[in-house]
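The next block holds one structure in the form of structure tokens; read it before the comments.
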């Protein structure tokens, strides 16, 4: 039995190593904020969200499969949450059952666990019967059909029968053969073939085909030996039953994990709805186009940290492989770049995206190259550090990937930085990699601008004449200043004295 | 020629080998260490006595060489080793049968022992018939085995054993336990509960599963409840168990004495082969020496001290090989030179080679011709014994006197650092007295001394010198070469090191 709620034909694999770009993505896109919103303090949900988001899908059909399930979830949130809770309770309940080391104790524990699980399975089937019909996605339709089929009345009856049999009201019956030194070996617990009580008849009846003896009540070692013999008889069936409960438990765990992703999406969605932030299902396009357009695109991590709504941006970058964003300091460039990156990773794991409308061609992987704090270990100079990270990226990046750069190569002077960046970017573009770049390097931006490339788009953080920022990103050619003097004035006041308490929370 | 022993071609030495004492030179030549290592892990065969029984004629030595060469072939050796493992298992089973209390258990272990024995013998007979052994020993043993396995006695033992084993292992029974009552009956294809349970729940399985089976202690003996059950099983199948008792009574002395003897004696070869294998893989050579009682011309190339090599190889250190040869009329190596330079090792090597040759074993070296000596004498410096009332020098002289009295012209005498406990003058004097005695006896000898002039006493002495690295005379090469003794090189090196040579000292003093 498989849940198959994350992939049409395979389990969700949380064991695989994270892709090489994962750590940088988490840091640069502030992904932990997203994961925390999805997890609401649940460690497992956090882990699931993290893995699913970072193992992005590249196949539009696979994405559509999850989107279908997610929209069922959004529509029937209560039922989905109930199933999830049911499974969590079963898993948590099993942990509390006391366990021991002998076959008898192993069996006892397994019987208790199984009784608990049978309750859960019954309830699951009821939910499937009661609500299954309302679900429309391929994934859920299959899932509920499977529950109804696999957990039918006959099956549940057989399970009950096993449970009652293993209470051994009629003593235990086992087969054996003679092993080394004529000691009994291969003890197997047996059940009479047809007639339920045939063995009892043989034992207690006039039948002469059996022989008996009794252990004296005072014979302590005899009783120990007898109980060991019992344990030997039970050993295999205890193993089988304990493994069976493990099987069911592993099914529940898988179900919990896969549903966990959708519960995380529900958690996030609830928060966004509460704030009045829009979401939509994106339109993923084939990866060979260079499509990217959006309306009301906003930084989901920023809004999760603020009381108020954040500014959304529109973007029309279809057929653009190079995006260069310049302009005012603290004008929303970083936020904008992050909103693009976040929407991309959310789209590619089957989630809704933070926008009113978002359509983009799928990428193979997203890489980020952001300006970093000084290397704390002092092993490398700043430019060394930047270059070594870029070199690591180059080890893994390939055609169809996207690179997000935020103030790369600003650790050296503008001329050198521009030249390095120019060479890097040109090479990447030629390799079929899209580059979205926030930069203060005027020479760099200006250089590309002069090339008049069709596939390049130049954006600017909007600044009003009085120096105030709107946090909107608009199309516009690079300008030679980033308005650093505005910022200086804002912080130090017009007279050059520090101003009182300037809210900086927009600078994440 | 009928087969009787894989170690001795004739009855001649068929005395009880257990009675042999360790010869006195074992310790001096470190042969005791060698044989300790060779026989390690094979205590049950009591092989040591075999190593104290040198052979006295060339043909007996050849008999062993042939067998050893056969056993160097992997096919034969593998078969014999596997036979030995089986015989070992058989003995373990018999010992277990002896220890047990319940009759049906004893009989079962005994039955297994016989089964192992029958299989081992049949296997070996069959395998040997497919191999092409060249040695007289293995060819006659093969015939012996063939006759044995085709004998009526063996055939019926085999058949009876098989039948009984099959009958016992076919027995299936059921045990029912309720409260303190145990009931035993025949098994009638009742359902397997564990399998049914597994089948019911397998569909939930997602990945690999944990094994919850508890491993029980499985001692060979039974508790009285198990024994009680077994008694009831015996009542369910009375015929089979009656047969088993009867079998146990009738076949107590089943193993063949000659085969048991082979099983022990062949270990002599296997032990040595295994021992030298390790050294061979470190690049050391072993060869079958040409052993003769007709010529005292001996030589060996790239040879080494086996005891030392065994130690060095284990420590992953380098082993230095040496050559030696004596051409008539040469009889005696007089070894001098740097202390700790390998002189004693050389002396031991010479002695070891000649003793190993008399055991019919391959010896260290690429090629060797060795003399079949009648006796081997060693005279090494001894610790002073308090209970020995004679002084050390006196003790040494007494021992030397004894040796010279017993040695014949076919003996080998090895003298190490003779008379080191006396003054240089006394030593010189004694050396000049003793060595001529040895020369007079016409024995083969190695005479290790720090008195280099002894090397020129006679036409029959050859001077061998331990050498040092020319560029750094304080470094020894452990090479012993044929060269006139100069008696200086090493001393000067030491002196220079401490700036005590003539020139150095003069400069220092002049200052």
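The values are calculated or read from the model by the stated rules, or taken from the named source; none is laboratory data. Computed from a predicted model, the values in this text were never measured in an experiment. Neighbour counts are summed over all protein chains in view; Cβ atoms, including those assigned to glycine, are modelled from backbone coordinates with ideal geometry.
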| note | Here the residues within the range A:224-239 that are at the interface with chain B (Cβ under 7 Å from one of its Cβ atoms) and more than 49 Å from the chain's Cα centre (by Cα) are A:225, A:226
| task | Kindly list the number of the only condition in (1) buried (at least 19 other Cβ atoms within 10 Å of the Cβ); (2) without any contact (Cβ under 8 Å) to a residue 60 or more places away in the chain; (3) more than 10 Å from every other protein chain (Cβ to nearest Cβ) that fails for residue B:164. | result | (2)
| remark: Scanning the range B:207-222 for residues that are in contact (Cβ under 8 Å) with a residue 24 or more places away in the chain and at the interface with chain A (Cβ under 7 Å from one of its Cβ atoms) gives B:220, B:222
| query | Under the condition of being more than 27 Å from residue B:58 (Cα to Cα) and in contact with a strand residue (DSSP E or B) (Cβ under 8 Å, 6 or more places away or on another chain), which residue from the range B:292-320 is surrounded by the most Cβ atoms within 10 Å (Cβ to Cβ)? | reply | B:309
| said: So in the range A:445-475, with the set limited to residues that are in contact with a helix residue (DSSP H, G or I) (Cβ under 8 Å, 6 or more places away or on another chain) and free of Cβ contacts under 8 Å to residues at least 60 places away in the same chain, which one is surrounded by the fewest Cβ atoms within 10 Å (Cβ to Cβ)? | reply: A:467
| request: Any chance you could count how many residues in the range B:114-145 are touching a helix residue (DSSP H, G or I) at 6+ places or on another chain (Cβ under 6 Å), without any contact (Cβ under 8 Å) to a residue 60 or more places away in the chain and assigned to a helix (DSSP H, G or I)? | output: 10
| request: Would you point out the residue of the range B:368-392, among those that are more than 21 Å from residue B:30 (Cα to Cα) and surrounded by 16 or more Cβ atoms within 10 Å (Cβ to Cβ), that is modelled with the highest pLDDT? | output: B:369
| Residue check for residue B:204: more than 7 Å from every other protein chain (Cβ to nearest Cβ) and either at pLDDT below 90 or buried (at least 21 other Cβ atoms within 10 Å of the Cβ) (or both) | no
| said: Restricting to the range B:168-187, name every residue that is at the interface with chain A (Cβ under 7 Å from one of its Cβ atoms) and in a loop (DSSP other than H, G, I, E, B). | reply: B:171, B:180, B:187
| said: For the range A:188-210, give me the residue count where each residue is more than 49 Å from the chain's Cα centre (by Cα) and either at pLDDT 90 or above or more than 7 Å from every other protein chain (Cβ to nearest Cβ) (or both). | reply: 12
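Looking at the range A:29-45, which of the residues that are crowded, with 16+ Cβ neighbours inside 10 Å and more than 15 Å from residue A:346 (Cα to Cα) is farthest from the chain's Cα centre (by Cα)?
First, the residues of the range A:29-45 that are crowded, with 16+ Cβ neighbours inside 10 Å: A:29-31, A:33-39, A:42, A:44-45.
Checking the rest, the ones that are also more than 15 Å from residue A:346 (Cα to Cα) come to A:39, A:42, A:44-45.
On the way: A:39: 10, A:42: 13, A:44: 9, A:45: 8 Å.
Selected residue: A:42.
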| note | Every listed condition ((1) in contact with a helix residue (DSSP H, G or I) (Cβ under 6 Å, 6 or more places away or on another chain); (2) within 9 Å of chain A (Cβ to nearest Cβ); (3) farther than 30 Å from residue A:150 by Cβ) holds for residue B:236 save (1)
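Table: residues versus (1) touching a helix residue (DSSP H, G or I) at 6+ places or on another chain (Cβ under 6 Å); (2) surrounded by fewer than 17 Cβ atoms within 10 Å (Cβ to Cβ); (3) on the phi < 0 side of the Ramachandran plot; (4) more than 9 Å from chain B (Cβ to nearest Cβ).
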site: A:125; (1), (2), (3), (4): yes, no, yes, yes
site: A:128; (1), (2), (3), (4): yes, no, yes, yes
site: A:133; (1), (2), (3), (4): no, yes, yes, yes
site: A:137; (1), (2), (3), (4): yes, no, yes, yes
site: A:141; (1), (2), (3), (4): no, yes, yes, yes
site: A:164; (1), (2), (3), (4): no, yes, yes, yes
site: A:176; (1), (2), (3), (4): no, no, yes, no
site: A:181; (1), (2), (3), (4): yes, no, no, no
| task | Scan the helices (runs of 4 or more DSSP H) fully inside the range B:205-282 and keep the ones with 2 or more residues being over 37 Å from the mean Cα position of the chain (by Cα). | result | B:224-236, B:238-250
| query | Do the conditions hold for residue A:250, that is, is it within 37 Å of the chain's Cα centre (by Cα), surrounded by fewer than 23 Cβ atoms within 10 Å (Cβ to Cβ), facing chain B (nearest Cβ under 7 Å) and at pLDDT below 95? | reply | yes
| remark: All-but-one check, residue A:293 against (1) within 14 Å of chain B (Cβ to nearest Cβ); (2) surrounded by fewer than 23 Cβ atoms within 10 Å (Cβ to Cβ), failing number (1)
| Within the range B:415-436, is there a residue that is in the same structural domain as residue B:341 (by TED's automatic domain parsing), surrounded by fewer than 20 Cβ atoms within 10 Å (Cβ to Cβ) and at pLDDT 85 or above? | yes
| request: Test residue B:225 against the stated conditions and say whether it is within 7 Å of chain A (Cβ to nearest Cβ), in contact with a strand residue (DSSP E or B) (Cβ under 8 Å, 6 or more places away or on another chain) and at pLDDT 90 or above. | output: yes
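Quick one: which residue in B:269, B:248 is touching a residue at least 60 places away in the same chain (Cβ under 8 Å), within 30 Å of residue B:4 (Cα to Cα) and within 13 Å of chain A (Cβ to nearest Cβ)? Quick ask: steps written out before the conclusion?
Values: B:269 fails: within 13 Å of chain A (Cβ to nearest Cβ).
The unique qualifying residue is B:248.
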